[in-house]
Structures are given as structure tokens and as C-alpha cells.
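Readers should treat all values here as calculations from the given coordinates under stated rules, not as data from a laboratory. Since this is a predicted model, take the numbers as computed values, not measurements. When we count neighbours, we look across all protein chains shown, and the Cβ atoms used for this are built from the backbone with ideal geometry, even at glycine.
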Amino acid sequence: MSKLNSLAISDNGFIFKPSTGESFTTNELGLFIIQFLKENKSGEEIINAIMQDFDVDNVTAGRDMYEFLDFLKKENMID
Amino acid sequence: MEKKKLTIAITGLNNIDSPGPGVPVIRGIKDSNLNARIIGLAYENLEPGIYMPGLVDKTYLMPFPSTGSEAFLERLEYIQEKEKIDIIIPNFDSELYLFIKYSTKLLEMGIHTFLPTMEQFEERHKDNLPEYAKKYGITVPESKAIMNSNELANLPKPLSYPYFIKGKYYEAFKVSNQSQAVYYFNKLSAKWGLPVVVQQAIHGTEVNVIALGDGEGNTVAAVPMRKQYITDKGKAWGGITLNDERLLEITHHIIKQTKWRGGMELEMIKTDDGEYHLIEINPRIPAWVYLAVGAGQNIPEMLCRLALGEKVDPVTKYEFGKMFIRYSWDLIGDIADFEKIIIFGEL
């Protein structure tokens, strides 16, 4: 099972990591990105989807996505 | 047909800020299919479990283990004559020696226990952890047992600050310099005796496992937990069950290698690199046992069944993400109850 799939994630943005007992919160955008990551979408596809759904430009969408990916990596939730 | 009513005696009713496991052990038994009458064995007259409504059917004061074996056996004989106890679950490290030493005598009296052997109990002592680790292939932090505070000035490398100073039975303090180390050495040696153990501090997250071994190398139950809220005494005031396969593997390995008999708690540090260092083995059920019950493994019930010689199938399933949160609660008691405990030593 991938690291991301081992997480328990609620629709409210609560993330529980069963291997360590840690919990985190994220927002609608975080949940959106996680969903796309689980579907193995590319970075470009995710950025395009963010631009469409959140009505932001390419730079903002890219920055938001990479910031969130950094957070997931830092917390060892993705490789 | 109604099940035979068992009489089960439990120690560790001190549900205080450094809680004993007695109260949650009783809760586990009451949640189980066992038909039990509960006898509380208390060492102090203000242990909360004595007074908690609906918890114990009767309580007896016990002499402190330091009083010696004669007083211990005499008191148990008196209680046994009145209560016909089937099982005793001792929950204090400091009383285990006596219960293990006299387990055959207790059995002759009709009292069953399910405890580690004296060898198992002795070899996992804090002061013996390096030898234990070597024997069973476990990773432990560098440590040294010391008998004199002068030794603190010449600790063997690689021991360095910060390290923990640990009492023989309970308590540990992290120290960063010589004067702190000497202060806590004196404090702990006065309270718990010698030796005092110096153990290298390992950077990481503390994770614990409660487990039950059947004495033949099988792990009958095991639930890992991470403390979420720790008191200034280092006790878990909140915790959550984990899905940590490596931690369970280590637990199974230790129980298989040692043929551990009885309840136990493994205290480990998980480093950021994912390595596990065993820092302590507690040879009894820990105070957070009710979390394991809530997560699906009723360890007190299984321990009772093992004590009676029943075959207990190992349980591996439990719910992860189950939490416990302790709380304090003021009981209103009557001076008459307190009087009975003081004057007669029973309630």
C-alpha cells in the first residue's frame, strides 16, 4: 500500500497517520490535491485542475501545489 | 447454567497522577464474559480504587513489599481464608518479586497467577538491559548501572549528555550536566534503591506496546500505542493505538525468544530514520491497558484465562486510531469508609 493510501483522510480535512499516530488538518485545496495524487495524476494535470476549480492563475496554482507537496514530503506521507 | 463465579484479587488501585493499572484491569474484567467478584488489594488507605462505586466488592490493605515475605504471606493467608481467591493479578513492579517467588505457595493455597518466571523477571531489569539486548538481538540505547554518584564523572563513551537517570523501579529524569545528574542520582537512589541506571537519550518518538505472552513463545495479544499527552511525571494522559507492523514484529520476536509469560509493556523510541530502540520492559500490565480493551484485545480477561490453565487463542486484530484520554474526578466519600480502612484494614 502506498504511503498516501495508508492514511485515513476525512472529508473534513482531518488526516490520521496510523503508523505513527500523528494527525494533521488540511483545507479543501489539500483534499483536492490528495485526491489527484491518489489517481496518479501528473503535476501539470493537478495544476490545471486547480486553475479550473479554484479560479486561480497558473503561478498561484503551481505555488499552492508545490507547497502542499513539500508538506506531505516533510511529514513522510509521500515519497 | 450459570458460569462459576471467580474471585479475582487486583493490586494497583492507585488511580492517581502516576496511575497503577488496577482500575483499568478491573474494568477489562468487568467488560468480559468472566463472572467475577473483585477483591481490591491496596497498600495505602487513600488509593482511589478502594472508594470508586461499583469497582471492587471488598478491599484489604496489604503490608508494603519492603515489610518482607512473612507479613506478605500471613496477610494473604488471612484474606484467602475469608475470600477464597481464584486469581491474583499483581500490578506493581515492586511487589512482583514476592508474588513470583511465592507463586507455587499461592497455588497450593488455591490462588492462580500468570507471571513471568523469576529468570525472566530478573534478566529484563533496567540495569541488565545491555546484556539482555545482546542475548536476544535487540537494539537498546547505551546504558550503565551505577552504584555511586562518583561514577557519573567517568561514564564510559559513547554515553554523553543529554542522558536519562532512571530509578530501579520507577521514574526517569533527563539531565544535561553533572550537577543535575548527581542531584537525580541521590533522589532516585534514596527513593528506589540501587543501582541507578544512566541511559543515553535517543532522539525520536516514544512508542509503547502492551503484550501478553503465553510462556511458550506465543504472543497472545499485542497492541502498540503512542502517547499523545504526557504529564510532568512522564505518564500517558492520552494515547492512540498505532498500525505499526515493525513494532509488532519486535514484540513477537522478544516474546518468542524469551518465552515471556504474563503481561508486559515494551517502551521504545522510534527514531526519525525508523529505527527502534528498546528503553525498558515493564514486567506487568501497564496502566493504559483499557485502551487495548477498547481496541479489541481484552488482555486482563485473557490473562485470567491463562492463569486458570485455559487455552487462549492468540488475537492479532485490533482497531488502530483508538484513543484514550484520562481525566480526574472528585469522589465524595464518607469518613466511615475511611475509618474502616484505617482501623480494620478492610472495606
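Things to note:
- Restraint check, B:K30/B:K322; B:K4/B:K58; B:K5/B:K317; B:K270/B:K311; B:K157/B:K270, Cα-Cα greater than 27 Å: B:K5/B:K317; B:K270/B:K311
- Peptides A:68-76, B:34-42 ordered by packing proxy, namely the average of other Cβ atoms within 10 Å per residue, highest first: B:34-42, A:68-76.
- Note on region B:125-224: Cα Rg divided by 2.2 N^0.38 Å, N the number of residues, gives 1.20.
- The HN-Hα couplings worked out from phi for region B:224-236 by the Karplus form 6.51 cos²θ - 1.76 cosθ + 1.60 (θ = phi - 60°) are x, 8, 10, 5, 9, 9, 10, 7, 5, 9, x, 8, 6 Hz, whole numbers, x standing for Gly and Pro.
- C-alpha long axis of helix B:22-31 to longest principal axis of chain B, angle in °: 60
- Summed side-chain charge close to B:L76 - residues other than B:L76 whose Cβ falls under 14 Å, Lys, Arg +1, Asp, Glu -1: -4
- Placing a label point 7 Å from the Cα of A:S2 along the Cα-to-Cβ direction, the residues of region A:38-53 whose backbone N falls under 14 Å of that point are A:38-46.
- The protein assembly as shown: Cα Rg divided by the 2.2 N^0.38 Å rule of thumb: 1.13
- Compactness of region A:4-74 is given as radius of gyration and Dmax, 12.3, 37 Å, from Cα positions.
- Working note: Debye formula, equal point scatterers on the alpha-carbon atoms of chain B, no solvent; log10 I(q)/I(0) at q = 0.08 Å⁻¹ is -0.38.
- Within straight-line reach of B:K259, meaning a Cα separation under 13 Å, sit the following aspartates and glutamates at least 8 residues removed in sequence or on another chain: B:E119, B:E123, B:D214, B:E216.
- Modelled spin labels at B:D57 and A:F14, positioned 7 Å past Cα toward Cβ, are 4.0 nm from each other.
- Phi angles of region A:58-71 translate, via the Karplus equation with coefficients 6.51, -1.76, 1.60 and θ = phi - 60°, into HN-Hα couplings of 4, 5, 5, 4, x, 4, 4, 5, 5, 4, 5, 5, 4, 4 Hz per residue; Gly and Pro are given as x.
- Relative contact order for region A:4-74: 19 percent, from Cα pairs under 8 Å spaced at least 6 residues apart, divided by residue count.
- In order through region B:257-274: 3J(HN,Hα) via Karplus (6.51 cos²θ - 1.76 cosθ + 1.60), integer Hz, x for Gly, Pro: 5, 8, 6, 4, 10, x, x, 7, 10, 9, 9, 9, 10, 9, 7, 4, 7, x
- Between B:Y183 and B:F64, the FRET efficiency estimated from the beta carbon spacing at R0 = 35 angstrom works out to 0.85.
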